Amino acid sequence: VLMPVLVRALRKHKHFLRHDMNKPERPLVPSFGGIGPVTGFLFALTSLILLERLLGWNGLDLNILLPAMLSTALCALLGLVDDLLEIPRRFMKPLLVLYASIPMMALTGLDPVIQLPFFGGLDLGIFYYLIFIPCAIIFCSNAVNILSTYNGLETGLAVLAAFGLAAAAFLNGSTLGLMFALP
């Protein structure tokens, strides 16, 4: 719903337009398109928190939801700054995303035991919080950023991944997983 409005608004400002490198005629297309999906995602989760409070569901785990929303907002802010200033060093982006992973690293309610097929559980202890979580956030955010240069691939892949995660969450009865996958 937000994207067509956002694209029209961005087209009005020439400094928000860039040449599309994937088309031979190189038309001007709006940058900052990531604002739409991030705003939609954060709006959906914030609305879910409001509905839970108004209806008294008591099914949301805000100890996980709020840090995840903060990490998402920090990654989005980094993307916006990168679009504006074009962060020059390749190693700087992962370091800045490392900072954005701190709210998720601070969670103590996560289980540091990962299940490996044929081997069972592997308890990573403190390394789960200091290595596994930051690496997961850095790798995922950079994978999405790499795909953003190909028109439609980023969105299509995100929709497929979210659908798969939503289906897995539904089959496992994970309300938290559905809350993150559906928006």
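Which FRET efficiency value, to the nearest 0.05, do you get for Thr175 and Val5 by plugging their Cβ-Cβ distance into 1/(1 + (r/R0)^6) with R0 = 30 Å? Between Thr175 and Val5 the formula returns 0.45. Estimated from the Cβ-Cβ distance and a Förster radius of 25 angstrom, the FRET efficiency linking Ala168 and Thr39 is about 0.45. Per-residue SASA remark: Met21, around 150 Å² accessible (1.4 Å probe; ligands, DNA and RNA not included).
Sorting Lys93, Lys14, Lys23 on solvent-accessible area from highest to lowest, probe radius 1.4 Å, gives Lys14, Lys23, Lys93.
If R0 is 22 Å, the Cβ-Cβ spacing of Leu95 and Ala136 corresponds to a FRET efficiency of close to 0.90. Per-residue ellipticity at 222 nm, computed for the chain from helices alone with -39500 (n - 2.57) per DSSP H run of at least four residues, works out to -19000 deg cm²/dmol. For the options Leu80, Leu60, Leu171, a Gaussian network treatment of the chain with springs between C-alpha atoms closer than 10 Å singles out Leu171 as fluctuating the most. Between the helical axis of 35-55 and the longest alpha-carbon principal axis of the chain there is an angle of about 40 degrees.
Which length gain, in nm to one decimal place, applies between Ile126 and Ile114 when the Cα-Cα distance is subtracted from 0.36 nm times their residue separation?
Values: separation 12, 0.36 × 12 = 4.32 nm, distance 1.27 nm.
Contour length minus Cα-Cα distance gives 3.0 nm.
For region 1-87, which whole-number percentage of the solvent-accessible area (1.4 Å probe, protein heavy atoms only) is attributable to carbon and sulfur atoms? Spell out each step's value before the answer.
Numbers: 3980 of 5790 Å².
For region 1-87, the apolar C and S fraction of the accessible surface comes to 69 percent.
Label sites at Leu55 and Leu147, each approximated as a point 7 angstrom past Cα along Cα to Cβ, lie 3.0 nm apart. Translational diffusion coefficient of the chain (Stokes-Einstein, Kirkwood radius from Cα pairs, 20 °C, 1.002 mPa s): 116 µm²/s. Between the helical axis of 153-171 and the longest alpha-carbon principal axis of the chain there is an angle of about 20 degrees. Assuming charge only on the beta carbon of Lys and Arg (+1) and of Asp and Glu (-1), the dipole of region 9-105 about its Cα centre is about 420 debye to the nearest 20.
Would you kindly state how much longer the chain becomes between Leu17 and Leu77 on full extension, computed as 0.36 nm times their sequence separation minus their alpha carbon distance, in nm to one decimal?
Values: separation 60, 0.36 × 60 = 21.60 nm, distance 1.88 nm.
Extra length from Leu17 to Leu77 when fully extended: 19.7 nm.
In this simple spin-label model, placing a label point 7 Å from the Cα along the Cα-to-Cβ direction at both Ala158 and Leu107 gives a separation of 2.0 nm.
The angle between the Cα long axis of helix 62-85 and the longest principal axis of the Cα atoms of the chain comes to about 20 degrees, rounded to the nearest 10.
Please report, in debye to the nearest 20, how large the charge dipole of the chain is about its Cα centre when each Lys and Arg carries +1 at its beta carbon and each Asp and Glu carries -1 there. Each step should come with its number before you reach the end.
Values: 11 positive and 10 negative charges, 158 e Å.
Using Cβ point charges on Lys, Arg, Asp and Glu, the chain gives about 760 debye.
The values are calculated or read from the model by the stated rules, or taken from the named source; none is laboratory data. No experiment lies behind these values; they were computed from the predicted model shown. Counting neighbours? That spans all protein chains shown, and the Cβs are built from the backbone with ideal geometry, glycine included. Quick note on the areas: whole protein, heavy atoms, side chains included, nothing else; ligands and nucleic acids left out. Shrake-Rupley method; radii C 1.70, N 1.55, O 1.52, S 1.80 Å.
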